[in-house]
Amino acid sequence: MKIAVLPGDGIGTEIVAEAVRVLNVLELPLELEQAPVGGAAYAALGHPLPESTLKLAQAADAVLFGAVGDWKYDTLERSLRPEQAILGLRKHLGLFANFRPAICYPQLTHASSLKPELVAGLDILIIRELTGDIYFGQPRGRRTAVDGHFPGAEEAFDTMRYSRPEIERIAHVAFQAARQRGKKVTSVDKANVLETFQFWKDVVTEVHAQYPDVALEHMYVDNAAMQLVKAPKKFDVIVTGNMFGDILSDEASMLTGSIGMLPSASLNAKNQGLYEPSHGSAPDIAGQGIANPLATILSAAMMLRFSLQQPEAADRVENAVRAVLAAGYRTPDIWSEGTHKVGTREMGDAVVAAITGKTITKS
Ligand code: IPM
Ligand code: MG
């Protein structure tokens, strides 16, 4: 099983290193090969997604990805910015289905900014369409306005669009996922204003006819943003477009205590996948050894489950994460009085120890 390891920028290198250590103690026939991506790749090879990195990712069964982005690259022209690496990988590998689970672990109920009773036991799954919408729609650019409020003025524009097959396939993914869980899908749209999302709603409703055992509700995105902080446990599976999914998944992550806990999987039609933490490169804390590696470690577990068909190994990793939380290990983002504050490396050590069956001792 070939895994392309792309650590990227900022805390990416630190957290991916811990996930790699975890994978290595599982004693599976994994072939890991590392390549630069993002700002690091631009600095080394002049492009955020070099041909060699893309080839490696395309040939692999799965990609383990850290994070990309750093303020120092924000002034580059768009095609050379670190973010283009992740967008390019999604596009070239056809990774249209993005799974972002938001699970509130019992030990972290108090780390959430919401009242504990609102988030205790939370287990929702956001399924974000990842290769369409205003993120990739053409045309886009800058031009001189010919109409609108200020004809003759400089303006910028993007195109929001979804085709029927794009909506159908992500709807199938959502209904099938819901079948394995709470059997409820909330499709999030903005059908009251946008043509694209009226179409989205219509097509999701059509696909639903094939899943009579799953309940479907429709919700406008503004209301969904509100319900997520009002009564998040009412959701089971949320399916939505690329941009709404970007925003709602960050919001949902905060329900769980820390975005540092949230893994993600992005799959294509062949079950090839890219696995990355839901958080970014956090340049403000990079190099300090304090980033939470658990989201990346849990992403590696999703990789074992979804792309490598190793459900037992995935269970071992997820159980190890639960064990270290139960033992009181906390990186600063999830730390609270009375628990044991550790850095990135020590958290990785603790997970490795829990997997290999060694007793976890608080150093
Ligand atoms: C995410 C990120 C990316 C996105 C950025 C880095 C391009 O925010 O994965 O949610 O907007 O999709
Ligand atoms: Mg985002």
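The values are calculated or read from the model by the stated rules, or taken from the named source; none is laboratory data. Computed from a prediction, not measured in an experiment: that's the story for all the values here. Here Cβ is always computed from backbone atoms with ideal geometry, including for glycine, and neighbour counts include all displayed protein chains.
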What are the residues in the stretch 219-276 that are within 12 Å of ligand 1 (Cβ to nearest atom), part of a helix (DSSP H, G or I) and crowded, with 19+ Cβ neighbours inside 10 Å, if any?
Asn242, Phe244, Gly245, Leu248, Ser249, Ala252, Ser253, Ile259
Of the residues Ser299, Ser281, which single one is within 16 Å of ligand 2 (Cβ to nearest atom) and assigned to a helix (DSSP H, G or I)?
Ser299
Subset of the stretch 116-155 that is closer than 30 Å to Ala85 by Cβ and without any contact (Cβ under 8 Å) to a residue 24 or more places away in the chain - its residue that is farthest from the chain's Cα centre (by Cα):
Glu154
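Sort through Leu108, Leu28, Leu64, Leu93 and tell me the only one that's of a type in the set (A, V, I, L, M, F, W, C), out of contact with any strand residue (DSSP E or B) (no Cβ under 7 Å at 6 or more places or on another chain) and at pLDDT 95 or above. Break it down into steps so the answer makes sense when it comes.
Working: Leu108 fails: at pLDDT 95 or above; Leu64 fails: out of contact with any strand residue (DSSP E or B) (no Cβ under 7 Å at 6 or more places or on another chain); Leu93 fails: out of contact with any strand residue (DSSP E or B) (no Cβ under 7 Å at 6 or more places or on another chain).
One residue alone meets the criteria, Leu28.
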Among the residues listed as Glu33, Glu18, Glu14, the single one being in contact (Cβ under 8 Å) with a residue 24 or more places away in the chain, acidic (Asp, Glu) and assigned to a strand (DSSP E or B):
Glu33
Quick test for you: out of Leu262, Leu294, Leu267, Leu255, pick the one residue that is on the phi < 0 side of the Ramachandran plot and free of Cβ contacts under 8 Å to residues at least 60 places away in the same chain.
Leu294
